[in-house]
Structures are given as C-alpha cells and as structure tokens.
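Right, one structure below, let's go through it.
Read-outs: derived from the displayed coordinates by stated rules, not from any lab. Predicted model only: the values in this text are computed from it and were never measured. Glycine gets a Cβ as well: all are built from the backbone with ideal geometry, and neighbour counts include every protein chain shown.
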Amino acid sequence: MIELRGLTKRFGDATAVDDLTCTFRPGVVTGFLGPNGAGKTTTMLMTLGLQRPTAGTAHVDGRRYRDLPVPMREVGALLDARAVHASRSGRNHLLALALSNGLPRRRVGEVLELVGLAAVASKAAGTYSLGMSQRLGIAGALLGDPPVLLFDEPVNGLDPSGIAWVRTLMRDLAAEGRTVVVSSHLMSEMEQTADHLVVIGKGRLIADTSLAGFLAERSSSEVLVRAAGAGFADTLRAAGATVAEHVSGELLVTGIDAYAVGKLALASGTVLTELAPRRSSLEEVFMAMTAESVEFSGGASR
C-alpha cells in the first residue's frame, strides 16, 4: 500500500504537487491520471525517494522508500523505459540489478520469460525498440517480486497484442493482492484495465474513486435511436426528451431511458432499426473534469 499525506513539491515559485493526500490500495489496479504537467511523475519520484518533498509524506507500507532494507523486494517501478546502459545486453542489465540488490540470478531468466524477451536477451538494450524497452523495464520492476508496483506509461510503443498483454499482466498482479499503480494517457486502455482512479490536475487531487463510480457520477446517459420513417423525434420531444438529430438519421436522446423510448415507439407504431443506450467514455469524462487543469492546449485548426 502507498499512502500520500499532504504531499507537496515546489520548484521555486512553481508548485508541481499540492497537498496531495490519497491511498493506493492492494488488490486493485489504480489508474493514476492527469493531464501533462499534472504532477504524476513527480509524485512517483517522491514515492521512490528520487525527489525530496517540500512538505508531507509518501510511505510504502508505513515506511519511507529510503528506509526499506531491500527496496526492490518491496517496490518495483518503471518510470523511463530508455533508462538503461545502451551497450549492455538486456540480460546483463537485469543481472546487474539483481546482484546489486541481493536477488537470485535465476530470477533474471524468470522475468525475461514472463515479458517475452528471452529470445533477444543477449542483444544490446540500445538496439531494442521502444516496445521491447518497455518489456525490459517491466521485467526490471518485477525482478524482486515486490508487493507494490508503479508503472509510468507502460504501454507506450507497444503494438495491440502487447497492450493487451500488459492489461492482463496488471490485472493478474492485482489479483495476487499487489498494489498496482498505472499512469497512462490512453483513457480507452485505462477504462479496460483500472478498478480505481486517482485523478490529479495542477498537482491537486480531483478524484479518488472507483472507475465505475467515477463514470456513473460524472457521465451523461444518452440513447442512440434510428427510426424507420420521419416524425419520431417529435414524439420523443412531446414525451419530455431532448433530441439531437444528425444528418445520418441518428437521434441522440437524453432525458428518458431506452425502455421508455421503446414504449413510445410501440405506442406510435414506429419501427426502430437501432436502439442503444450510450454512456460517456472515460476519455470524455476525464477531459471534462480536467479541462481547467490542462497546461498546454492547441488552438483551433483553420
């Protein structure tokens, strides 16, 4: 478990993390989300003792990272997939980590097999693609078989099958009772992977809740309708619904649910060719929630 209490980091006049208090719990995949510059990486660095907080604390199972006797047995982290000695082989990179942390040599082979790099383990890490480097970084995080894991953008550079593999791996690790924290800008992937969300903006906590609760509380419900013939939109409006009509013939209906739409169609003798409830995606809700926290935004195209 990771506990942050009043965690704050200032760089001169700039505040990167602002009085952040939250808990990352075991047994679930927690998506750690926020726009660029929100303070996610800085928070991870402070948790790992790589930056000193201006105020507050970051504890792993009740202790500061620097007080852990064998840190890699307690916490595994992937922050920068390219942070390896370029001329050292993938196997020797992991072996150096293992030997310097008192971990058994056999563990190197185990994690190489787990991440799918056994066949290329003798090649220089500098020749690896970004996707291969991500797999090597994940192997390093898992080397000490730790109960707490932090992953910063672990699917960058991976192909669809690799992304699906990471998704399954994260969920399997959480199912074993580990604390799994994943930072990513791929909202569609987080929607399929995370159980819980911690969302920050400009260093401040915006939300700390389950994925289901986040979507249920903040998303809007619509019903997508296609009707044979004209006039059904007026029927829906007369029943109190709000209807947006599209050139393609789609009706986006809010204010009543799909069951009520179906009853109206039956009563009016309207044939429906499509009737589908639709909720806002995590990406849509996230963008609406963090709109005021975006550090860089482009102008409209011309």
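For the chain, a simple Cβ point-charge model (Lys and Arg +1, Asp and Glu -1, everything else neutral) yields a dipole of about 1060 debye relative to the Cα centre.
Mind checking region 75-161 for trypsin sites (Lys or Arg not before Pro) that DSSP puts in a loop (not H, G, I, E or B) and that have at most 10 other Cβ atoms within 10 Å? When the trypsin sites (Lys or Arg not before Pro) of region 75-161 are filtered for loop state and at most 10 Cβ neighbours within 10 Å, 105 remain. For the peptides 71-81, 145-155, the ranking by packing is 145-155, 71-81, with the highest mean count of neighbouring Cβ atoms within 10 Å listed first. Our note on the geometry: Cα centres of region 254-284 and region 52-116, 51 Å apart. Each Cα pair under 8 Å and six or more residues apart adds its separation to the average, and for the chain the resulting relative contact order is 21 percent.
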